[in-house]
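Asker: After the structure tokens below, expect a handful of questions from me.
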Ligand code: NAD
């Protein structure tokens, strides 16, 4: 299978844009926003239609770019990047009118007569910084919400996935309004310069260390942020469980995109009574998915770059290998690997794994699993496999995570009715479906009072009688 080696270099370490270019670019978008061009529904609708065409006209190019970056199987690239973004655009086109409508609400007796409305208004110029692991989805799906909400957008896809970023940089100016949407295909120097500029919203996806840099830069301009971060998402397997389905779904969720998924089940906490049968089933499911030599499988992706390959290779030394462990540095291949007898203090449990290594730890009961989760930073996702509704409820009630999925992995992301985002160390803010529009919208509260009547009750001079009436009205 070809890997990221076939991806064209973005620009090596050379800068793609100079500081003055970047400053001028943001200023241009601000002028466009201030001209009011992005506000009408027509403009937004047109951009979304063009966005849809940018996807549909180039479906094969998008899939090929992700194969070049990550060796992504077509099935995975289509399902997890292409289709998700296309679904977001279709949803936005369908619901745009409704989302844009002012909402009438009631108002208190003391301020009658009046009408109260909530008016959605665009924020201004948004900066969207994407990550490499779902290089299409993470860079451009947030832009669907930003454009639907009537904003100008600077897109900064990840330099770590150069083929997809190159395609975004090529297609976006061809399809979207170049006065209002721009792509900056650079790395840290370009992003650092962009972050000195004033934006009206910053939407960042990536690791928490850079998330802190982004938030600190945003604070200088009081710019609100969404931080889509990661973390170690636990997967609890109860004693009363459909083991075969659990093994299929856990293995799929973990080894999809070779584990390079922000919501991948990072580790399993299995009830002691199911450890051995679960490990046995995981081993047979992996053979079923990827054959005896997963390296030959067209259904299995590669590690994005040498740095991540080396980082992951060090984690293979934790615990005892049940399955996998084989590596090929030249192909950046790491076999789907399952570990047991893993010490909670070992390297594989110290940081988000973000690769195809699954430690299976055991717990004597559900309370121990809940304690284990609560002793660590709040994860982006939590998975619980159980046939016992009471146990599922206990886990959901007694733990905190960005999202959760019961008896499955990853699929909560596909419900666009569910806002997707983290909590605590796994991030802040959310998107998908209407929450993407909400993220890039200011909901302006407006009270309108007619002048045909003007009761004098509130005006000075105050007296005991006025106070009595005010207290009565509330
Ligand atoms: P990355 O290396 O692509 O970096 C993310 C973005 O930050 C890039 O656009 C990059 O140019 C920029 N960046 C890097 N260093 C910077 C700096 N010093 N200053 C300013 N910008 C900088 O991606 P990554 O961080 O390796 O992504 C992996 C992490 O992201 C994991 O923790 C994963 O869980 C998380 N993630 C979260 C989500 C989510 O939706 N919550 C999705 C994907 C990945």
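Asker: Scan region 138-147 and give yes if some residue there is surrounded by 15 or more Cβ atoms within 10 Å (Cβ to Cβ), within 16 Å of the ligand (Cβ to nearest atom), modelled with pLDDT of 95 or more and more than 19 Å from residue 178 (Cα to Cα), otherwise no.
Answerer: yes
Asker: Against the condition surrounded by 20 or more Cβ atoms within 10 Å (Cβ to Cβ) and within 11 Å of the ligand (Cβ to nearest atom), how does residue 185 come out, does it pass?
Answerer: yes
Asker: In addition: For residue 238, state whether it is more than 9 Å from the ligand (Cβ to nearest atom) and surrounded by 22 or more Cβ atoms within 10 Å (Cβ to Cβ).
Answerer: It is true that residue 238 is more than 9 Å from the ligand (Cβ to nearest atom) and surrounded by 22 or more Cβ atoms within 10 Å (Cβ to Cβ).
Asker: Give 364, 419, 336, 356 a once-over and let me know the one that is touching a residue at least 60 places away in the same chain (Cβ under 8 Å), touching a helix residue (DSSP H, G or I) at 6+ places or on another chain (Cβ under 8 Å) and under 19 Å from residue 230 (Cβ atoms).
Answerer: When all the criteria are applied, what remains is 356.
Asker: Look at residue 97 and say whether it is in contact (Cβ under 8 Å) with a residue 24 or more places away in the chain, surrounded by fewer than 21 Cβ atoms within 10 Å (Cβ to Cβ), over 24 Å from residue 418 (Cβ atoms) and in the same structural domain as residue 31 (by TED's automatic domain parsing).
Answerer: So residue 97 does not fit the description; no.
Asker: In this structure, is residue 447 touching a helix residue (DSSP H, G or I) at 6+ places or on another chain (Cβ under 8 Å), free of Cβ contacts under 8 Å to residues at least 40 places away in the same chain and under 24 Å from residue 97 (Cα atoms)?
Answerer: No, not satisfied.
Asker: For region 249-270, does any single residue satisfy the condition of being touching a strand residue (DSSP E or B) at 6+ places or on another chain (Cβ under 7 Å), in a strand (DSSP E or B), closer than 30 Å to residue 442 by Cβ and near the ligand (Cβ under 10 Å from one of its atoms)?
Answerer: no
Asker: Out of 48, 29, 70, 86, I need the residue that is free of Cβ contacts under 8 Å to residues at least 40 places away in the same chain, surrounded by 19 or more Cβ atoms within 10 Å (Cβ to Cβ) and not assigned by TED's automatic domain parsing to the domain that holds residue 410. Which one?
Answerer: Going through 48, 29, 70, 86 in turn, the sole match is 86.
Asker: Only residues in region 203-216 that are in the same structural domain as residue 147 (by TED's automatic domain parsing) and on the phi > 0 side of the Ramachandran plot count as the first member; pair them with residues that are part of a helix (DSSP H, G or I) and near the ligand (Cβ under 8 Å from one of its atoms), Cβ under 9 angstrom, at least 6 apart or cross-chain, and list the lot.
Answerer: Final answer for the pair search is 206/138; 206/214.
Asker: If you check residue 279 against the conditions, is it surrounded by fewer than 24 Cβ atoms within 10 Å (Cβ to Cβ), within 16 Å of the ligand (Cβ to nearest atom) and closer than 27 Å to residue 404 by Cβ?
Answerer: For residue 279, the condition - surrounded by fewer than 24 Cβ atoms within 10 Å (Cβ to Cβ), within 16 Å of the ligand (Cβ to nearest atom) and closer than 27 Å to residue 404 by Cβ - is not met.
Asker: Turning to a different aspect of this structure: Search region 149-168 for residues being touching a strand residue (DSSP E or B) at 6+ places or on another chain (Cβ under 9 Å) and touching a residue at least 60 places away in the same chain (Cβ under 8 Å), and hand back the single one that is nearest to the ligand (Cβ to nearest atom).
Answerer: Checking each candidate, the answer is 165.
Asker: Scan region 109-117 and tell me whether some residue there is in contact with a helix residue (DSSP H, G or I) (Cβ under 9 Å, 6 or more places away or on another chain) and within 16 Å of the ligand (Cβ to nearest atom).
Answerer: Checked against the condition, which is being in contact with a helix residue (DSSP H, G or I) (Cβ under 9 Å, 6 or more places away or on another chain) and within 16 Å of the ligand (Cβ to nearest atom), region 109-117 yields no hits at all.
Asker: Is there a residue in region 335-343 that is closer than 23 Å to residue 134 by Cα, surrounded by fewer than 16 Cβ atoms within 10 Å (Cβ to Cβ) and in the same structural domain as residue 274 (by TED's automatic domain parsing)?
Answerer: Within region 335-343 (the criterion being closer than 23 Å to residue 134 by Cα, surrounded by fewer than 16 Cβ atoms within 10 Å (Cβ to Cβ) and in the same structural domain as residue 274 (by TED's automatic domain parsing)), the answer is no, since none of the residues qualifies.
Asker: Which condition number in (1) within 14 Å of the ligand (Cβ to nearest atom); (2) surrounded by fewer than 24 Cβ atoms within 10 Å (Cβ to Cβ); (3) over 16 Å from the mean Cα position of the chain (by Cα) is the one that residue 208 fails?
Answerer: Against the list (1) within 14 Å of the ligand (Cβ to nearest atom); (2) surrounded by fewer than 24 Cβ atoms within 10 Å (Cβ to Cβ); (3) over 16 Å from the mean Cα position of the chain (by Cα), residue 208 comes up short only on (3).
Asker: Looking only at region 231-248, which residues are outside any helix (DSSP H, G or I) and in contact (Cβ under 8 Å) with a residue 40 or more places away in the chain?
Answerer: Within region 231-248, 231, 232, 233, 234, 235, 236, 237, 238, 240, 241, 242 qualify.
Asker: Among (1) in a helix (DSSP H, G or I); (2) farther than 23 Å from residue 288 by Cβ, where does residue 226 come up short?
Answerer: (1)
Asker: Further question: Check off (1) over 16 Å from residue 185 (Cβ atoms); (2) over 27 Å from the mean Cα position of the chain (by Cα); (3) modelled with pLDDT under 95 for residue 14 and give me the number that stays unchecked.
Answerer: Against the list (1) over 16 Å from residue 185 (Cβ atoms); (2) over 27 Å from the mean Cα position of the chain (by Cα); (3) modelled with pLDDT under 95, residue 14 comes up short only on (1).
The values are calculated or read from the model by the stated rules, or taken from the named source; none is laboratory data. Predicted model only: the values in this text are computed from it and were never measured. Heads up, the Cβs are rebuilt from the backbone with ideal geometry, glycines too, and the neighbour counts pull from every protein chain shown.
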